[in-house]
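Working notes for the structure below.
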Ligand SMILES: [Zn+2]
Ligand SMILES: [Zn+2]
């Protein structure tokens, strides 16, 4: 009877140890995908190492919500959004959309650009000389 209990207990112990070990490995891999900071990585892993399942729960709460790949993707998205806003020009008077090469706003007739008499490049109205041909 005693041996059965011993076998059961050691089996349970081995199971717990394996579970604990795989939790630590999982956490380590997970935190590495979320942070490049070695301190954060060590902290996340050691929480699970010390507190096991409860530590995993804690780790779930405090871990960075985004993985590095997700954060990178998001920053790319924001960048393209920013670029879109930059390339989308608006009339300074009526805020209607205008194109880069419009001479006048088609809605309110504000003068947006003028054309160089010599080389036909488009110039900002406030420029006193043409930067393209120097006149
Ligand atoms: Zn306008
Ligand atoms: Zn010119």
Of the residues in the stretch 25-49, those that are within 14 Å of residue 60 (Cβ to Cβ) and under 20 Å from the mean Cα position of the chain (by Cα) come to 30, 31, 34
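Rundown of residues vs (1) in a loop (DSSP other than H, G, I, E, B); (2) touching a residue at least 24 places away in the same chain (Cβ under 8 Å), yes/no style:
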| residue | (1), (2) |
| --- | --- |
| 26 | no, no |
| 29 | no, no |
| 33 | no, yes |
| 39 | no, no |
| 43 | no, no |
| 51 | no, no |
| 56 | no, yes |
| 60 | no, no |
| 65 | yes, no |
Tell me whether the stretch 74-88 contains one or more residues that are part of a loop (DSSP other than H, G, I, E, B), more than 16 Å from ligand 2 (Cβ to nearest atom) and surrounded by fewer than 14 Cβ atoms within 10 Å (Cβ to Cβ). yes
Selected residue (criterion: nearest to ligand 2 (Cβ to nearest atom)) from residues of the stretch 103-123 that are part of a loop (DSSP other than H, G, I, E, B) and touching a strand residue (DSSP E or B) at 6+ places or on another chain (Cβ under 8 Å): 116
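Rule-based calculations on the coordinates, nothing more; no lab input. As the structure is a prediction and not an experimental result, all values here were calculated from the model. Reconstructed Cβ throughout: ideal geometry from the backbone, glycine too, with neighbour counts over all protein chains shown.
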